[in-house]
Amino acid sequence: MNLEHGLHLAYCTNIHRGEDWGQTFDSLKSHTLAVRGRVAMGEAYAIGLRLSDQAARELSESAVLDAFRQWLADENCYVFTINGFPFGNFHGGRVKEQVYVPDWTSAERLKYTCRLFDLIAALVPEGVEGSVSTLPGSFKEFITDESQEQVIRNNLWKCVEHIAALSDRTGKALHLGLEPEPLGYFETSSETVRFFEAMEKEHPNDARLREHLGVNYDTCHLAVEYEEAADAIGAFKARGIRISKLHLSAALKLVPTAAAREYLSAFTEDVYLHQVVERLPDGSLARHRDLDVALASDSDAEEWRIHFHIPLHSPDTDWFTSTRDHIGGVLDLLRDDPALCTHLEMETYTWEVLPDEMKNRNVVDQLVGEYEWALTELRARGLA
């Protein structure tokens, strides 16, 4: 939906299954329109689209694309952003580290992302920026030598060149957001800044870099890294790194007592990675690849933060709280500078794997609850 100050808010449709275009479109017609009917009936409704490689190829067929554009017009909906992080299957089977495959060392990732930009350029309305979000280069474990790092930068630059040429040709303002994530090739704000500095060193004084490449700032991810919103966003702004999109998402936060660790076993599952960053008594941080690994460890940590996206409206419990305070910090910054970023997307893709007590409503009801929570926070800051 279109908010104050030219802001746009959507939920990311990666919460729904959709590995081909037919399945993706069915989810839009059933779930997305049902949510729209309860939160924005009669208003232009924004969609945060997730497209797999297969779905993107199928939607690129001119007849299919024309039919989708007509459907958007008929339903008073518009697409302003595409989630291009997961390339392939994202539901119903093991994803884990395969969500990074192919990574930015691969020509496949480059072709897929360029195709997504061709689509967003055709879909985004006049006067609205178009964004695509993608993975932070690769998974840390996959990068073993400097030559891979160079290939990542080379492929991203080729993508920037494609985006810039497409923007010039269409008159659309388009940008790619790299999404720092725990145990990604770059995961913290400082690692992300270093990556952009390396890109800038290779392409000095080329305005296309800052115009078309930025950060997809996921509030869950940076909170899991124990970062403060003002510090992280301040670091990006100081280096002139654009915030391409804000993902509004919340992580689990808790003191890992024996009882809490036993409770956490309900969150272990076989589909997604749930990286754990623990803060030790001396203030240092340690990382575990997944929740089951952390639960099997002999930890004396003071706190765990877990990369498990939980609904924004989830109440605190006796066992855990959430990192919603980080979202509040980001929204405070947006209140003070609405030009910081115009793209806001709620991203709680984990609905299918939530413990039963947290999945006590259907997906449409949950998404409506997320809108209610987000809009309350935005209105309190004069942003909606």
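Under the condition of being open to solvent by less than 50 Å² (accessible area, probe 1.4 Å) and in a loop (DSSP other than H, G, I, E, B), which residue from the stretch 357-384 is farthest from R335 (Cα to Cα)?
A384
Residue check, A294 against (1) farther than 30 Å from V128 by Cβ; (2) touching a residue at least 60 places away in the same chain (Cβ under 8 Å), all met but one. Which one?
(2)
Give the number of residues within the stretch 111-138 that are outside any helix (DSSP H, G or I) and among the aliphatic types (A, V, I, L, M).
Here is the first cut: in the stretch 111-138, the ones outside any helix (DSSP H, G or I) are 124-138.
In the following step, the residues that additionally are among the aliphatic types (A, V, I, L, M) were identified as 124, 128, 132, 135.
Matching residues across the stretch 111-138 total 4.
Among the residues of the stretch 307-321, which ones are open to solvent by 10 Å² or more (accessible area, probe 1.4 Å), over 18 Å from A374 (Cβ atoms) and touching a residue at least 60 places away in the same chain (Cβ under 8 Å)?
Those that are open to solvent by 10 Å² or more (accessible area, probe 1.4 Å), over 18 Å from A374 (Cβ atoms) and touching a residue at least 60 places away in the same chain (Cβ under 8 Å): W319, T321.
Could you tell me whether any residue of the stretch 322-343 is within 18 Å of A34 (Cβ to Cβ), in contact with a Lys or Arg (Cβ under 8 Å, 6 or more places away or on another chain) and surrounded by 15 or more Cβ atoms within 10 Å (Cβ to Cβ)?
Let us first name the residues in the stretch 322-343 that are within 18 Å of A34 (Cβ to Cβ), namely none.
Checked the stretch 322-343: no residue is within 18 Å of A34 (Cβ to Cβ), in contact with a Lys or Arg (Cβ under 8 Å, 6 or more places away or on another chain) and surrounded by 15 or more Cβ atoms within 10 Å (Cβ to Cβ).
Given the criteria surrounded by fewer than 20 Cβ atoms within 10 Å (Cβ to Cβ) and more than 21 Å from C341 (Cα to Cα), does S147 qualify? Please lay out each step first, then the result.
Values: surrounded by fewer than 20 Cβ atoms within 10 Å (Cβ to Cβ): yes; more than 21 Å from C341 (Cα to Cα): yes.
Spelling it out, S147 is indeed surrounded by fewer than 20 Cβ atoms within 10 Å (Cβ to Cβ) and more than 21 Å from C341 (Cα to Cα).
Tell me, yes or no, whether the stretch 69-81 has at least one residue that is of a type in the set (V, I, T) and either open to solvent by 50 Å² or more (accessible area, probe 1.4 Å) or in contact with a Cys (Cβ under 7 Å, 6 or more places away or on another chain) (or both).
no
Tell me which strands (runs of 3 or more DSSP E) are completely within the stretch 193-273 and hold 1 or more residues being open to solvent by 10 Å² or more (accessible area, probe 1.4 Å) and under 25 Å from T81 (Cβ atoms), or say none if there are none.
Numbers: elements: 213-218, 242-248, 250-254.
The strands (runs of 3 or more DSSP E) meeting that bar are 242-248.
Being at pLDDT 95 or above, touching a strand residue (DSSP E or B) at 6+ places or on another chain (Cβ under 7 Å) and not charged (D, E, K, R) narrows it down to one of L59, L110, L116, so name that one. Lay out the reasoning, then the answer.
Details: L59 fails: touching a strand residue (DSSP E or B) at 6+ places or on another chain (Cβ under 7 Å); L110 fails: touching a strand residue (DSSP E or B) at 6+ places or on another chain (Cβ under 7 Å).
Exactly one of L59, L110, L116 is at pLDDT 95 or above, touching a strand residue (DSSP E or B) at 6+ places or on another chain (Cβ under 7 Å) and not charged (D, E, K, R), namely L116.
Going by what's in this entry, would R242 be described as of a type outside the set (A, V, I, L, M), in contact with a strand residue (DSSP E or B) (Cβ under 7 Å, 6 or more places away or on another chain) and in contact (Cβ under 8 Å) with a residue 12 or more places away in the chain?
Details: of a type outside the set (A, V, I, L, M): yes; in contact with a strand residue (DSSP E or B) (Cβ under 7 Å, 6 or more places away or on another chain): yes; in contact (Cβ under 8 Å) with a residue 12 or more places away in the chain: yes.
Criteria met by R242.
Which condition number does L59 fail, the rest of (1) free of Cβ contacts under 8 Å to residues at least 60 places away in the same chain; (2) touching a helix residue (DSSP H, G or I) at 6+ places or on another chain (Cβ under 6 Å); (3) not acidic (D, E) being met?
(1)
Would you mind stating whether E108 is touching a residue at least 12 places away in the same chain (Cβ under 8 Å) and in a helix (DSSP H, G or I)? Please lay out each step first, then the result.
Values: touching a residue at least 12 places away in the same chain (Cβ under 8 Å): yes; in a helix (DSSP H, G or I): yes.
Against the criterion (touching a residue at least 12 places away in the same chain (Cβ under 8 Å) and in a helix (DSSP H, G or I)), E108 qualifies.
When the residues of the stretch 274-283 are narrowed to those that are under 21 Å from the mean Cα position of the chain (by Cα) and outside any strand (DSSP E or B), which ends up surrounded by the most Cβ atoms within 10 Å (Cβ to Cβ)? Write out each step before concluding.
Filtering the stretch 274-283 down to residues under 21 Å from the mean Cα position of the chain (by Cα) leaves 274-277.
Narrowing further to those that are outside any strand (DSSP E or B): 274-275.
Working: H274: 27, Q275: 25.
Of everything passing the filter in the stretch 274-283, H274 is surrounded by the most Cβ atoms within 10 Å (Cβ to Cβ).
How many residues are more than 28 Å from L110 (Cβ to Cβ), open to solvent by less than 10 Å² (accessible area, probe 1.4 Å) and not in a helix (DSSP H, G or I) when one looks only at the stretch 34-68? Walk me through it before giving the result.
Narrowing the stretch 34-68 to residues more than 28 Å from L110 (Cβ to Cβ): 34-45.
Those still in the list that are open to solvent by less than 10 Å² (accessible area, probe 1.4 Å) too: 35, 40, 45.
Now drop any that are not not in a helix (DSSP H, G or I), which leaves 40, 45.
Total meeting the criteria: 2.
The values are calculated or read from the model by the stated rules, or taken from the named source; none is laboratory data. The model shown is predicted, which means the values in this text are computed figures rather than measured ones. Cβ coordinates were reconstructed from backbone atoms using ideal geometry, including for glycine residues, and neighbour counts include every protein chain displayed. What goes into the accessible areas is simple: the full protein's heavy atoms, side chains included, and nothing from ligands, DNA or RNA. Shrake-Rupley method; radii C 1.70, N 1.55, O 1.52, S 1.80 Å.
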